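The values are calculated or read from the model by the stated rules, or taken from the named source; none is laboratory data. No experiment lies behind these values; they were computed from the predicted model shown. For neighbour counting, all protein chains shown are included, and Cβ atoms are generated from backbone atoms with ideal geometry for every residue, glycine included. Accessible surface is based on the protein model in full, side chains and every heavy atom, while ligands, DNA and RNA are left aside. Shrake-Rupley method; radii C 1.70, N 1.55, O 1.52, S 1.80 Å.
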Amino acid sequence: QVHLVESGGGLVQAGGSLRLSCAASGGAVTIATMGWYRQAPGKQRDLVAQITPGSNTNYGDSVKGRFTISRDNAVNTVYLQMNSLKPEDTAVYYCNYDLGLTDYWGQGTQVTVSS
C-alpha cells in the first residue's frame, strides 16, 4: 500500500510562488508516473503535471511555463514548484502515484491565490 502525504499549500498573493511536496511511503517514486492534479469547487479534477519513471514531464496547458515538477529519489518525494500564481490556480492539489493498473492518491493540500 502506497501512502502519499502532500504539504506546502497555503494562501499566497497573485504573482507569488509556492512549492508543494508529495512524500511517498510504501513505494518508490522512481517506478511510478507521479502526478499533480487539482480540483476547484464545482469542477472536475484536472492534470497539472506529471513525471514518468524515465523523467519525461507533461504539463497542463494552463500551467506551462509557470509550474515545474521534479523528483528527489533520495527522499522519495515529488515536488511542484508553482511560480507566477494566478487566482484561477486556487484549488485543492492532489498527488497521484500511478502504476498503470492501480494508482494511489494523497489527501490533498489547499492552494489559495488572492488577487
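Data overview
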item	result
The range 28-46, subset part of a loop (DSSP other than H, G, I, E, B) and open to solvent by 20 Å² or more (accessible area, probe 1.4 Å), residue modelled with the lowest pLDDT	P41
Residues of the range 1-19 classified as open to solvent by less than 40 Å² (accessible area, probe 1.4 Å) and in a loop (DSSP other than H, G, I, E, B), total	4
Residue list for the range 59-78, filter: open to solvent by 40 Å² or more (accessible area, probe 1.4 Å) and either hydroxyl-bearing (S, T, Y) or on the phi < 0 side of the Ramachandran plot (or both)	Y59, D61, S62, K64, T68, S70, R71, D72, N73, A74, V75
Those residues of the range 84-115 which are under 15 Å from L47 (Cβ atoms) and not small (G, A, S), in sequence order	D89, V92, Y93, Y94, C95, N96, Y97, D98, D103, W105
Criterion (farther than 19 Å from E6 by Cα, small (G, A, S) and touching a residue at least 40 places away in the same chain (Cβ under 8 Å)) met by exactly one of S115, S21, S62, S25	S115
Residue list for the range 70-115, filter: in contact with a Lys or Arg (Cβ under 6 Å, 6 or more places away or on another chain) and in a loop (DSSP other than H, G, I, E, B)	N83, S84
Selection status of T109, touching a residue at least 24 places away in the same chain (Cβ under 8 Å), surrounded by 14 or more Cβ atoms within 10 Å (Cβ to Cβ), farther than 19 Å from T52 by Cα and under 10 Å from the mean Cα position of the chain (by Cα)	yes
Residue match in the range 91-113 (condition: of a type in the set (D, E, K, R) and within 14 Å of G16 (Cα to Cα))	no
Every residue from the range 47-69 that is farther than 15 Å from N83 by Cα and not in a strand (DSSP E or B)	T52, P53, G54, S55, N56
